Amino acid sequence: MKKTWIWALFCLTACESKDSPDNSHLPYENGFIVLNEGNFMDNNGTITFISGNDAKYDIFQKENQRSLNGSVTGYTEAGNKGIILVDNSTGGQDLIEFVDAKTFKSTGTIAAGQIENPRKALKITEDKVYISAWDATGSWPNTYINPGYVAVVDVNSGRITKKIPVQKGAESMVKIGNEVFVGNVYSDDSQITIINAVTDEVISTLNTAPNPELIGVDANGKLWYFDGDLRRLNPTSKEIESTIQVETGAATPSKFNLSSDKTTLIYSLSYYDEQYIERGNVYQMSIHDTKFNQERALISRVFYGLDVNEGTIFGTIVPSFKQAGYVLRYKENGTLIDSIKVEVGPSKFYFK
């Protein structure tokens, strides 16, 4: 009888273990990622992982016992891998780190010298990722002496298979069907490049005002971008369907996002006061509006980074680039939810 009882207990324990797998070895499966730039000259960028309201700090260092050694400029996931873009303050030292997306253990590196100024990462398929890059090897004010490019990365081999030349200062990318639209910043180039994401070839370019920043695709399938004015583009015909003039005086509009249902534009409007302190607010406007809203603030605060996901607005606060920053979460009606301490220079997000 005693042996039977012991065997039954063993069987129950074993069955529970088999039917209820231990997920503690997948600590980064559910939640969202905060990319912390760090102080650029200190090369101390990090990644924070937040689940609920619990923050895990510098998770790459924690899981691999080494730092990223640069500013963290971008991140995406494909094929169960995380792709981290690292921009070192020394030319020729930028690189790409691959990790297991659920454990953050390193799985490989595209070593320094193979990419320069990586900016954004965009998943094309589970096997392929695009990375926009400035290749800005000059000195101010002639920083952008080279064309930008989009690096095509094979996720399985962890290699760059091609570099597609685009305009200088290449940065924002939006995928629509089998086409990827590429914008740029700072370089004063005036075009959007369109790439066939199947053949990895440039199809065409669209003329714009300088520095078109791509925002995203709205609920009606139209592409929005900002180049000094707000424009709505038909991605099929490639024709501009609407232009909203933006005249804000000394204030600067930036950090444009679409709401979770893609019917509202959410953005920042800011300026610097006499003490060179940035002031401003967050605003919203419908995709059907014909006039730019700079009068009715949604959130009375200016953020370093701004994003929207599943009905929540995420803003980052950077007190300085020598101390920890914060992530503030709001409902889309502007009501504050909470504040979470992160690391130095929080700027971007990746939502699992």
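The values are calculated or read from the model by the stated rules, or taken from the named source; none is laboratory data. Values in this document were obtained by computation on a predicted structure and should not be read as measured data. So basically every Cβ, Gly included, is an ideal-geometry build from the backbone, and we count neighbours across all protein chains shown. Each accessible area value is taken on the protein alone, full model and side chains, heavy atoms only, with ligands, DNA and RNA left out. Shrake-Rupley method; radii C 1.70, N 1.55, O 1.52, S 1.80 Å.
Residue check, Pro165 against (1) more than 17 Å from Asn257 (Cβ to Cβ); (2) under 21 Å from the mean Cα position of the chain (by Cα), all met but one. Which one?
Evaluating Pro165 over (1) more than 17 Å from Asn257 (Cβ to Cβ); (2) under 21 Å from the mean Cα position of the chain (by Cα) leaves (2) as the failure.
Being open to solvent by 50 Å² or more (accessible area, probe 1.4 Å) and not in a strand (DSSP E or B) is the filter here, so list the residues in the range 248-259 that pass it.
Gly249, Ala250
Assess whether Gly334 counts as being over 17 Å from the mean Cα position of the chain (by Cα), at positive phi, open to solvent by less than 40 Å² (accessible area, probe 1.4 Å) and at pLDDT 95 or above.
yes
How many residues, within the range 210-219, are open to solvent by less than 30 Å² (accessible area, probe 1.4 Å) and in a loop (DSSP other than H, G, I, E, B)?
Here the count works out to 2.
Filter the range 303-323 for residues that are closer than 16 Å to Tyr350 by Cβ and open to solvent by 40 Å² or more (accessible area, probe 1.4 Å); which is farthest from the chain's Cα centre (by Cα)?
Only one residue tops the list, namely Glu310.
Could you check the range 61-116 and list, in sequence order, the residues that are more than 15 Å from the chain's Cα centre (by Cα) and charged (D, E, K, R)?
Within the range 61-116, Lys62, Glu63, Arg66, Lys81, Asp94, Glu97, Asp100, Lys102, Lys105, Glu116 meet the criteria.
I need the full set of residues from the range 96-123 which are open to solvent by less than 30 Å² (accessible area, probe 1.4 Å), touching a residue at least 40 places away in the same chain (Cβ under 8 Å) and among the aliphatic types (A, V, I, L, M), in order please.
Listed by number, the residues that qualify are Ile96, Ala101, Ile110, Ile115, Ala121.
Restricting attention to the range 124-134, report how many residues are closer than 25 Å to Lys352 by Cβ, open to solvent by 30 Å² or more (accessible area, probe 1.4 Å) and in contact with a Ser or Thr (Cβ under 9 Å, 6 or more places away or on another chain).
Final tally of qualifying residues: 1.
Within the bounds of the range 220-241, is there any residue that is of a type in the set (Gly, Ala, Ser) and in a strand (DSSP E or B)?
No, every residue in the range 220-241 fails to be of a type in the set (Gly, Ala, Ser) and in a strand (DSSP E or B).
Could you say which residue among Leu269, Leu223 is under 20 Å from Ala297 (Cα atoms), out of contact with any Asp or Glu (no Cβ under 8 Å at 6 or more places or on another chain) and not hydroxyl-bearing (Ser, Thr, Tyr)?
One residue alone meets the criteria, Leu269.
Look through Glu171, Glu126 and report the one residue that is outside any loop (DSSP other than H, G, I, E, B) and either in contact (Cβ under 8 Å) with a residue 40 or more places away in the chain or within 16 Å of the chain's Cα centre (by Cα) (or both).
Glu171
Within the set of pairs 6 or more residues apart or between chains, which connect a residue that is touching a residue at least 60 places away in the same chain (Cβ under 8 Å) and buried (at least 17 other Cβ atoms within 10 Å of the Cβ) inside the range 191-203 to a residue that is in a loop (DSSP other than H, G, I, E, B) and not aliphatic (A, V, I, L, M) with Cβ atoms less than 9 Å apart?
Matching pairs, first to second residue: Ala197/Thr125; Ala197/Gly177; Ala197/Asn178.
Out of all the residues in the range 222-237, is one or more touching a residue at least 40 places away in the same chain (Cβ under 8 Å) and at positive phi?
No - not one qualifying residue is present in the range 222-237.
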